[in-house]
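Working notes, beginning with the structure itself.
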Amino acid sequence: MNEIYQKLTTCLESVRAKTDFQPEAALILGSGLGDYADGIQVETVIDYHEIEGFPVSTVLGHKGRFVFGYVEQVPVVIMQGRVHYYEGYPMTDVVLPTRLMGMLGARKLLLTNASGGINFDYKPGDFMLITDHIATAIPNPLIGANIEELGVRFPDMSQIYSKRMGDVVREAAKKLGIGLKEGIYVQLTGPSYESPAEIRMCRGWGGDAVGMSTACEAIAARHMGMEICGISCVTNMAAGMLDKPLSHAEVQETADRVSVQFKALVTEVIQHI
Ligand code: HPA
């Protein structure tokens, strides 16, 4: 058996030994949503440490656990604390939790993150529906022997982010009176923030926001045929756009400032997911 699939199967068995919960949707929490899972009807919590072979996150402020429960009747699995490539894990480990949630039965995936705004029309605190992404600056998570059990060798990526789910997000934002931008998310590796020249490059590529996660997870999920949508919280203007340095503190501050709205948006989306 494929080594990576073997690892996934071990993780799956480890989770299944603890719960038989059947999630319909999977949710990956980005900055500002860290405590989202505390507000749902929780059924079971599984710490990443309890899962055999699972990559464990090191970033401060990120809890590392799966929360199984219900958001207004919808059975969900929530990834509270994601794994980032910049932490040093191979890309296959970075997307392992996403694949695992797919294998647990989740057919839909809501991705959230914090990003730097590249588009001049954006401002910190804006939400952006991710309509497409650019992932060419990171290793593709599907590199290596194809896992036939999950998907095909050359998966189509012409509609990574579901149109139907995009409409659900638009409707949800409208209902809640939350402004919603739409744009292209560029994933870079981090952990350093970008240089102004790199931001100009990303803009030239057609990017609207930049970050260090999400696109790799979307590729792995799409490979498995999951239906995906993504919402980015623009926490800062990208490097070189304002005459001031970037800091993680600013990212955290903005994410915290809009977290109540972000959580409401996520709940509204999941209800109609
Ligand atoms: N660059 C990369 N990742 C980010 C940023 C940024 O400006 N803001 C939040 N995550």
Can you name every residue in region 135-183 that is β-branched (Val, Ile, Thr) and under 29 Å from Phe262 (Cβ atoms)? Thr136, Ile138, Ile160, Val168, Val169, Ile178
When the residues of region 217-227 are filtered to those that are crowded, with 23+ Cβ neighbours inside 10 Å and hydrophobic (A, V, I, L, M, F, W, C), which remaining residue is nearest to the ligand (Cβ to nearest atom)? Ala218
Go over the candidates Val251, Val258, Val234 one by one and state the one that is buried (at least 19 other Cβ atoms within 10 Å of the Cβ) and touching an Asp or Glu at 6+ places or on another chain (Cβ under 8 Å). Val234
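Among the candidates Gly240, Gly190, Gly225, single out the residue that is closer than 30 Å to Ala145 by Cα and touching a helix residue (DSSP H, G or I) at 6+ places or on another chain (Cβ under 8 Å).
Details: Gly240 fails: closer than 30 Å to Ala145 by Cα; Gly225 fails: touching a helix residue (DSSP H, G or I) at 6+ places or on another chain (Cβ under 8 Å).
The unique qualifying residue is Gly190.
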Among the residues of region 93-114, is any in a loop (DSSP other than H, G, I, E, B) and closer than 26 Å to Gly240 by Cβ? no
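If only one of Glu194, Glu198, Glu253 is touching a residue at least 60 places away in the same chain (Cβ under 8 Å) and of a type in the set (Asp, Glu), which one is it? Talk me through it step by step, then tell me what you get.
Working: Glu198 fails: touching a residue at least 60 places away in the same chain (Cβ under 8 Å); Glu253 fails: touching a residue at least 60 places away in the same chain (Cβ under 8 Å).
On inspection, the qualifying residue turns out to be Glu194.
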Show the residue pairs meeting these rules: Cβ distance below 8 Å; 6+ apart or different chains; first residue within region 119-130 and surrounded by 17 or more Cβ atoms within 10 Å (Cβ to Cβ) and aliphatic (A, V, I, L, M); second residue at pLDDT 95 or above and assigned to a loop (DSSP other than H, G, I, E, B). Met128/Tyr122; Met128/Leu180; Met128/Asp208; Leu129/Leu180; Ile130/Thr214
Which of the residues that make up region 238-251 are within 8 Å of the ligand (Cβ to nearest atom) and either modelled with pLDDT of 95 or more or outside any helix (DSSP H, G or I) (or both)? Ala238, Ala239, Leu246
Condition first: buried (at least 19 other Cβ atoms within 10 Å of the Cβ) and of a type in the set (A, V, I, L, M). Now tell me which residues in region 138-151 satisfy that. Ile138, Leu142, Ile147, Leu150
If I ask for residues that are crowded, with 19+ Cβ neighbours inside 10 Å and in contact with a helix residue (DSSP H, G or I) (Cβ under 6 Å, 6 or more places away or on another chain), which ones from region 152-165 would you list? Ile160
Members of region 93-140 found to be in contact with a Lys or Arg (Cβ under 9 Å, 6 or more places away or on another chain), farther than 22 Å from Asp167 by Cα and more than 16 Å from the ligand (Cβ to nearest atom), listed by number: Asp93, Leu96, Pro97, Thr98, Leu104
Counting just the residues of region 188-216 that are of a type outside the set (Ser, Thr, Tyr), in contact with a strand residue (DSSP E or B) (Cβ under 6 Å, 6 or more places away or on another chain) and more than 9 Å from the ligand (Cβ to nearest atom), which one comes out nearest to Ile270 (Cα to Cα)? Ala215
Within region 90-98, can one find any residue that is touching a strand residue (DSSP E or B) at 6+ places or on another chain (Cβ under 9 Å), in contact (Cβ under 8 Å) with a residue 40 or more places away in the chain and not aromatic (Phe, Trp, Tyr)? yes
Can you pull out the residues in region 217-234 that are within 14 Å of the chain's Cα centre (by Cα), within 30 Å of Val152 (Cβ to Cβ) and not in a loop (DSSP other than H, G, I, E, B)? Glu217, Ala218, Ile219, Ala220, Ala221, Arg222, Glu227, Ile228, Cys229, Gly230, Ile231, Ser232
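The values are calculated or read from the model by the stated rules, or taken from the named source; none is laboratory data. Please read all numbers here as calculations on a predicted model, not as lab measurements. With ideal geometry, Cβ positions are generated from the backbone for all residues, glycine too; neighbour counts draw on all protein chains shown.
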